[in-house]
Structures are given as C-alpha cells and as structure tokens.
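Report on the following structure.
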Amino acid sequence: MPLAAQAQNQSAQKPKWTLVIHGGAGIIEKGRVTPEQEAGIAAGLNAALDAGSKVLAGGGNSLDAVQAAVQVLEDDPHFNAGRGAVFTWDGRNELDAAIMDGRNRSAGSVAGVTTTRHPVAAARAVMEKSPHVMLSGAGADQFAREQGLEQVENSWFATPERRKQLDKMKANDKLGWFDVDLKYGTVGAVAMDGEGHVAAATSTGGLTGKRWGRIGDAPIIGAGTYADDRACAVSATGAGEFFIREGVTHEICARVRFKGESLQQAAETVMAEVKALGGTGGVILTGPNGEMAWTFNTPGMYRGKASSSGDRLVAFYGDDK
C-alpha cells in the first residue's frame, strides 16, 4: 500500500478520543470477589467511564476527562481513594493524588491530604494555581481551602470495611507491610481528546497501616503518573516503593518516545522489570494516536476503557477479554 494511502487508512481508524481507567490491581480472583462486590465495582467503573466519556464526546479536553473519571472513583467506597480509602496505622485517612497535562508536561500533586474531598482536584489546583508541582499534608489542605475546593471531615472518607482491615493487620504480625486485602486499590485515568492531547490522573489512599507519613508512587510524577504528547499517558497501581524505584510511568513513555515501541510492548517490558525487583501491580495507557493498552502482573486489575469508535469494556480478572 502506498505511504499516502497507509496514512489515510490509519487516520480513518484513529478514534477521535480515548479513555482508559483503573481501580486497582492485586489478588483479584474469581471466588474472592462476591457477586455483590462485583456488581458495585462494575457500576463504579462504568460510572467513571460515563463521566470521562461525556467530557470527551462533548469536545472537552483530556485533563477535564481524567479528573471527572477519577472524582467519580474517589467518591465510590469500593475503591481505595477518597471515600473508602484505607486507614493509616494511627487510624486516619491520608490521601495522595496527581494529574499531568501531556501538552506541556505541566503537573500537580498532593500527598497526605486529610480534609479535601477530591484530592485529584487539589492536584490540578496545584498545577494551575501555584508555582509548585507537589504539596503535602496540612499545607496541601490549606491550599485546597484557599482555592475554594470542597472540604469534609476526615471521618467522611472512613468505611467500616477499611477499619476492619486495619484491625486485622494490627492483630496479625505476619501480615507485615503487605496490603491486608492483597489489593492495591489506587484509581486512575488516562485520556486522549479530540485535539490529540493526552492526560493522566491517579488518586489513592495508599497502604493499610502505613506509618510515618509514607507516600507511594501515585503522586510522584514519573513513578505513578505521567503524560507526554510525544509518547503517551500512563497511570499506575501497585506496590508503590517498586514503582518509584523503577520510575515506571516515565520509563514507559521514554521507551515509546525514543525506541518507538508500542504502548503494550513498553508497558510489558517495564512491568517485567518491576516484577524482577519484587514488585506487583499494573498500568493503563493511551497515546496521541488513539492506542489504548494495559498490563498487570497480578491475578487481576479493575479496569475499563471507552472510545469514540464504540470500544467499551469493563474487566476484573486476568482471563477477561
């Protein structure tokens, strides 16, 4: 096929917009998730896809889409982000989030916020309304208040199920630092809009029983969140310490940009390196050409995708197609 015809064919096949989301990875296996849990998680993922897709289908940008999708998941107690976040060792909910714009690699993140209802909105405010990239703790909450973002009591994030998980961890020394539920419930979204720009956002409550102000990969640009129009947008979920050491999301984008690898190839290569370090989890991706991908080295990952081409899928398990 002549090059001009190939280019025309690729352009015709490229979707106008794409959206990929995740709700965490880990020991997610049939039989471990009850039918009621499956229904609730699927409803949450579909609601997030609806929110992001509405923005994109209406001509909105990728930043607005990923924020809209993540905020839905932050309000859903089935996921470890916002309401439903896990407890720290001291019995609080401390939340992390990040967002990144692939157009110019602007980014914002917050860590350890405790009263801001939507941490991803705080991360975006840091990106757009401050000279900084990352704010933490009481200062991040203060900044969010000054920006007029909705505030709640810390107890608003708490759920009985997460409290039980903390109690179980404290009662069993053998659990160590592993997530007590063996799931990394971080949520995230990546999108490409009608202008071909990509964005990524990630939000999490971290690990059950975390101490000393522990921060994982989700709010760290280049580890758990990254977006670059020259390559792709990536959001990660998993054992954050390993994702930080590997620089997972930037590493994937670098392989796409400099080696010309497909999103799937780059993601699988980097996740294999995470596994070699001893880490588990997964990533979701989309690129400016409309490519969508995900990969994970755990039994399952809550995930979904949608596009202007009619692609729509919500999946949980490793063998889901």
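The values are calculated or read from the model by the stated rules, or taken from the named source; none is laboratory data. What you are looking at is a predicted structure, and each value in this text was computed from that prediction instead of being measured. Cβ atoms come from the backbone with ideal geometry, glycine included; neighbour counts cover every protein chain shown. Remember, those area values only see protein heavy atoms, side chains included, never the ligands or the DNA or RNA. Shrake-Rupley method; radii C 1.70, N 1.55, O 1.52, S 1.80 Å.
So, GLU241, is that one under 26 Å from ALA158 (Cα atoms) and either of a type in the set (D, E, K, R) or surrounded by fewer than 24 Cβ atoms within 10 Å (Cβ to Cβ) (or both) or not? So GLU241 passes the test.
Rundown of residues vs (1) part of a strand (DSSP E or B); (2) more than 23 Å from VAL234 (Cβ to Cβ); (3) modelled with pLDDT of 95 or more; (4) open to solvent by 20 Å² or more (accessible area, probe 1.4 Å), yes/no style:
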position: ILE99; (1), (2), (3), (4): yes, no, yes, no
position: SER109; (1), (2), (3), (4): yes, no, yes, no
position: VAL120; (1), (2), (3), (4): no, no, yes, no
position: MET127; (1), (2), (3), (4): no, no, yes, yes
position: LEU135; (1), (2), (3), (4): yes, no, yes, yes
position: ALA138; (1), (2), (3), (4): no, yes, yes, yes
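Among the candidates GLY196, GLY304, GLY278, the residue that is open to solvent by less than 10 Å² (accessible area, probe 1.4 Å) and touching a residue at least 24 places away in the same chain (Cβ under 8 Å) is uniquely GLY304. Among the residues of the stretch 146-161, how many are part of a loop (DSSP other than H, G, I, E, B) and either touching a Leu at 6+ places or on another chain (Cβ under 8 Å) or surrounded by 14 or more Cβ atoms within 10 Å (Cβ to Cβ) (or both)? Qualifying residue count, the stretch 146-161: 5.
Okay, residues lined up against (1) in contact with a Gly (Cβ under 9 Å, 6 or more places away or on another chain); (2) of a type in the set (A, V, I, L, M):
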site: ASN46; (1), (2): yes, no
site: LEU49; (1), (2): yes, yes
site: GLY58; (1), (2): no, no
site: ALA68; (1), (2): yes, yes
site: VAL72; (1), (2): yes, yes
site: HIS78; (1), (2): yes, no
site: ALA85; (1), (2): yes, yes
site: ASN93; (1), (2): yes, no
site: ARG103; (1), (2): no, no
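Within the stretch 24-51, residues that are under 17 Å from VAL86 (Cβ atoms) sit with their Cβ atoms under 6 Å from residues that are among the charged types (D, E, K, R) and surrounded by 15 or more Cβ atoms within 10 Å (Cβ to Cβ), at 6+ positions apart or across chains, in these pairs: GLY24/LYS183; GLY26/LYS183; GLY44/ASP76. In the set PHE79, PHE87, PHE143, only one residue is out of contact with any Pro (no Cβ under 8 Å at 6 or more places or on another chain), farther than 20 Å from THR186 by Cα and crowded, with 19+ Cβ neighbours inside 10 Å; that residue is PHE143. Among the residues of the stretch 20-57, those identified as part of a loop (DSSP other than H, G, I, E, B) and either modelled with pLDDT of 90 or more or of a type in the set (A, V, I, L, M) (or both) are ILE27, ILE28. Checked against (1) modelled with pLDDT of 95 or more; (2) surrounded by 14 or more Cβ atoms within 10 Å (Cβ to Cβ), ALA315 passes all but condition (1).
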